[in-house]
Every structure is written in structure tokens, then in C-alpha cells.
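*Asks:* Quick one: the structure is below, and I'll ask about it shortly.
A short reminder: the numbers here are calculations on the coordinates, not readings from a lab. As the structure is a prediction and not an experimental result, all values here were calculated from the model. Positions of Cβ are generated from backbone atoms using ideal geometry, with glycine treated the same way; all protein chains shown enter the neighbour counts.
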Amino acid sequence: MIRQFSEKARRKLKYYVYLYIDPRDGVVFYVGKGTGNRCFHHMKDVRESDKVARIKDLHKLSQRPEIEILKYGLSETQALLVEATAIDLLGIKSLTNLARGHGSRVGSRASVEEIAAQLDAKPAKIRPDHPCVLININRMFRYGMTPTQLYDATRSAWKVSPDRHDAKYAMSVYQGVVREVYTIAHWLPEGETLRNDDPRRERAIDPSRYEFVGRIADEDVRKLYVDRSVAHLSSPGAQNPIRYVHC
């Protein structure tokens with residue numbers, strides 16, 4: 001396996017998207033983009049991550065990841081789009097990538113029903129007697145989530161002040177559209193409830209974060225908000241995933 005590209009090759013490659021493949025089963029475990037010799041840099045990475053752990057496991061077996069170029073000769077914008085599309089296609093859950101890829105929050109993989117709901121979504125009019133907290137799950141959302149996975153991604157764990165608001169409902173929001181509505185029973189410090197993706201409670205706990213316990217809201221409430229847009233209730237460029245309405 002080569003360890004770097006020649007200067008001539010680097011000029012012709014321009015921006016490119018590359019894959020790291022486990023030679024034991026032929027499965028892609030990382031998607032990246034870059035220029036020059038970027039695709040080789042991970043071989044010397046010493047930071048703690050699932051990607052580095054997979055590479056170290058292979059080294060222990062005297063093996064190396066197979067590196068393939070998915071597409072080259074690209075502009076930076078094109079490379080970002082190809083990277084995000086490849087991650088969407090392969091599924092973030094099957095990869096060691098920490099994020100879905102730049103630009104994946106716009107036009108990302110989803111069922112035709114989900115895309116139609118997003119593009120056709122009418123603005124939600126949240127009633128004053130429905131105080132709620134809007135929870136943006138863009139970072140956790142992935143294609144094909146089960147109801148249980150959606151619930152866990154929505155309810156845990158956030159920097160909120162449950163003793164300072166009277167939110168009755170929690171709305172799961174992805175790409176500005178309400179995906180589900182939950183009736184909040186109560187809030188607890190992070191780690192005090194069992195999550196289906198962490199049955200042994202092995203995840204790191206932040207004492208400043210909270211999670212709620214609840215159930216799917218009654219159907220008459222869901223009909224008012226599910227598949228409705230709340231983008232008009234968020235400030236442009238806002239980074240906080242939490243927003244209170246009528247609280």
C-alpha cells in the first residue's frame with residue numbers, strides 16, 4: 001500500500017472523497033474528504049476515537065485499512081456534498097464518523113413521506129395552554145430511527161432548568177419540523193433513567209444536564225403539531241438546541 005501521492009497525482013486529485021474499508025469484511029467504516037495526502041493522515045492519528053480504535057485493531061492483526069477514492073477532481077463544495085451524501089447512503093450508525101457531514105442537515109436522506117412532510121410543512125401554531133420545549137435533534141437524528149430511538153434522542157440529555165419552567169410537552173424537532181410530541185411526566189438529572197442504547201449506563205454523565213421521562217402525547221395534541229414547521233419560532237443561526245414556547 002502506498003503511503004502518499006506524488007506531486008503530480010496531488011495536483012490532479014484536487015479535492016476528493018475517500019473511504020476506509022475493513023479488509024476483514026469489506027465494510028466501509030469511515031468516509032472523509034480532503035486534498036493532497038489527507039487520506040493517509042488517519043494512519044498516524046493517536047486521538048481517542050472509534051476510527052482510531054478500528055485502525056489499531058487491524059494493526060494488531062498485522063493488517064491495514066484499505067483506502068479507496070470515491071470521487072476526485074472536485075471543488076471543495078462538491079467534495080462536501082459527496083461526503084455528506086455517502087454518509088447518508090451508508091448510514092452514520094455503521095460508520096466511525098462523529099458527524100453526518102457538512103451540509104447533511106439540508107436535503108439529507110429520508111423517506112419520501114419525510115421529505116414531503118418537511119417541504120410541505122405548514123407553520124405550527126402552538127397554543128398558549130400547551131407550554132412546551134422544542135428540542136432540536138439534528139445531531140442525533142438518523143434515517144430509519146425507531147420510535148424508541150427517537151424518544152431517547154429527544155429526552156436526553158440537555159442543559160435545561162426544569163425548576164424554572166412549566167413545560168408540559170416536549171417536541172422532537174428535526175430540520176425545523178416537529179417529528180413527535182411527548183407529554184413530560186418529570187425531569188431528572190442525566191443518568192438517573194435507563195436508555196435503550198445504554199442498558200448498562202456506561203455513557204459519560206454531565207451533572208449539569210437533565211433528561212425527562214414521559215409518553216407520546218394524546219392524539220388530539222399530536223394532530224396539531226406533528227409534521228408542522230417550527231422554523232419560524234427559532235432565531236436564525238441559534239446554536240442552543242432548546243427553545244421554550246409559552247413557558
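*Asks:* Between SER208 and ASP25, take the C-beta separation as r, use R0 = 41 Å, and let me know the FRET efficiency to the nearest 0.05.
*Replies:* Using R0 = 41 Å, I get an efficiency of 0.50.
*Asks:* Let me spell out the model: positive unit charges on the Cβ of Lys and Arg, negative unit charges on the Cβ of Asp and Glu, origin at the Cα centre of segment 10-51. What dipole size does that give, in debye rounded to 20?
*Replies:* 500
*Asks:* Let me ask something else. Here is the link list: LYS44/LYS71; LYS33/LYS56; LYS14/LYS56; LYS125/LYS223; LYS122/LYS223; LYS14/LYS44. Which ones come out longer than 19 Å on Cα distance?
*Replies:* Where the Cα-Cα span goes over 19 Å, the pairs concerned are LYS44/LYS71; LYS33/LYS56; LYS14/LYS56; LYS14/LYS44.
*Asks:* I'd like to compare 80-86, 206-212: which one has the highest average count of other Cβ atoms within 10 Å, and what's the full order after that?
*Replies:* Descending mean neighbour count gives 80-86, 206-212.
*Asks:* Put +1 on the Cβ of every Lys and Arg and -1 on every Asp and Glu Cβ in the chain; which of TYR30, ILE67, ILE87 then has its Cα farthest towards the positive end of the dipole?
*Replies:* ILE67
*Asks:* Now for a separate question. Quick check for me: using +1 on Lys/Arg Cβ and -1 on Asp/Glu Cβ, what's the dipole size of the chain about its Cα centre, in debye to the nearest 20?
*Replies:* That gives the chain a dipole magnitude of about 1040 debye.
*Asks:* Sticking with this one: Taking the chain as a Gaussian network, where each spring joins two C-alpha atoms under 10 Å apart, which residue of ASP120, ASP166, ASP220 fluctuates the most?
*Replies:* Top of the fluctuation ranking is ASP220.
*Asks:* Could you give the dipole magnitude of segment 43-83 about its Cα centre, charging the beta-carbon of Lys and Arg +1 and that of Asp and Glu -1, in debye to the nearest 20?
*Replies:* Charge dipole, segment 43-83, about its Cα centre: 220 debye, nearest 20.
*Asks:* Another one. So for segment 114-247: antiparallel DSSP bridges make up what percent, rounded to the nearest 5?
*Replies:* Percent antiparallel among DSSP bridges in segment 114-247 is about 75.
*Asks:* Here are some values of log10 I(q)/I(0) by the Debye sum over Cα atoms at q = 0.07, 0.12 Å⁻¹: (1) -0.28, -0.76; (2) -0.20, -0.63; (3) -0.31, -0.82. Which one was computed from this structure?
*Replies:* Only one listed value fits the structure, namely (3).
*Asks:* With a 10 Å cut-off between alpha carbons and a GNM built on the chain, which of ASN136, ASN97, ASN37 moves the most?
*Replies:* Evaluated over the chain, the most mobile residue of the options is ASN37.
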